[in-house]
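For reference, the structure is listed below as structure tokens.
The values are calculated or read from the model by the stated rules, or taken from the named source; none is laboratory data. Please read these numbers as outputs of a predicted model, since none were measured by experiment. Virtual Cβ from ideal backbone geometry, glycine too; neighbours counted across all protein chains shown. Just the protein is used for accessible areas: all its heavy atoms, side chains included, with ligands, DNA and RNA removed. Shrake-Rupley method; radii C 1.70, N 1.55, O 1.52, S 1.80 Å.
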Amino acid sequence: MANEGSKEVIDTLHLTEAQWKALAERLNDTEPYQMGRRRHERLSYRKLIQIAVAIQLPNGQWAAYAVRSRNISEGGIGFIHGMFVHTGTACRVILKTSDGDTVCVEGVVKCCVLLTGNAHHIGVQFNQEIDIEKFVIAPSVASNKTDEAT
């Protein structure tokens, strides 16, 4: 994923599954960002639990991190990370398709909001829109499949 720098993937949160579940449930009650500025509907993207993200450091090198995915849209992704990241920072997100393939999507950090402790919600805008149906089933599609099955 990263061309330069360490090949090690760093987990900055070190949350147990129980701690992650508690944080995720708390976040379900309040979203840490403003929904009014969105061009695309965000869909839940928590099936991966952990995804890999490479963040470009100020010295130009890349560092790879294990983060917790939160939501995704055609235009971006939200994830939980254990450190502050400046807006405008370049990043590469490794996404897993519904078929199990992996795809590297480049983007830029648009927001970083402190949630609790050292947990931050990071919002990344992709450089190019993705085909969301390759990664998640949209609610309208999912309900149509349910309707067809009955």
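Among the residues making up region 95-108, those that are free of Cβ contacts under 8 Å to residues at least 40 places away in the same chain and in a strand (DSSP E or B) are T102, V103, V105, E106, G107, V108. For region 81-104, a residue qualifies if it is crowded, with 21+ Cβ neighbours inside 10 Å and in contact with a His (Cβ under 7 Å, 6 or more places away or on another chain), and exactly one does: H81. The residues in region 109-118 that are open to solvent by 50 Å² or more (accessible area, probe 1.4 Å), in a strand (DSSP E or B) and without any contact (Cβ under 8 Å) to a residue 40 or more places away in the chain can be counted, and the count is 2.
Let's see how each residue does on (1) over 16 Å from A54 (Cβ atoms); (2) at pLDDT below 95; (3) of a type outside the set (A, V, I, L, M, F, W, C):
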position: A90; (1), (2), (3): no, no, no
position: T102; (1), (2), (3): no, yes, yes
position: K110; (1), (2), (3): yes, no, yes
position: N127; (1), (2), (3): no, no, yes
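Would you call N28 farther than 19 Å from F126 by Cα and either touching a Ser or Thr at 6+ places or on another chain (Cβ under 6 Å) or at pLDDT below 85 (or both)?
Judged against the criteria, N28 is a match.
Within region 76-103, being closer than 17 Å to T12 by Cα and in contact with a Leu (Cβ under 6 Å, 6 or more places away or on another chain) holds for one residue alone: G82. Checked against (1) open to solvent by less than 40 Å² (accessible area, probe 1.4 Å); (2) closer than 21 Å to W20 by Cβ, W62 meets all criteria but (2). Of all residues in region 54-94 being under 19 Å from Q125 (Cβ atoms) and in contact (Cβ under 8 Å) with a residue 60 or more places away in the chain, which is farthest from the chain's Cα centre (by Cα)? Residue satisfying both the conditions and the ranking: W62.
Going through (1) out of contact with any Ser or Thr (no Cβ under 7 Å at 6 or more places or on another chain); (2) modelled with pLDDT of 90 or more; (3) open to solvent by 40 Å² or more (accessible area, probe 1.4 Å) one by one, Q34 falls short only on (2). Taken over region 37-76, residues that are at pLDDT below 90 and either over 23 Å from E133 (Cα atoms) or among the aromatic types (F, W, Y) (or both) amount to 1.
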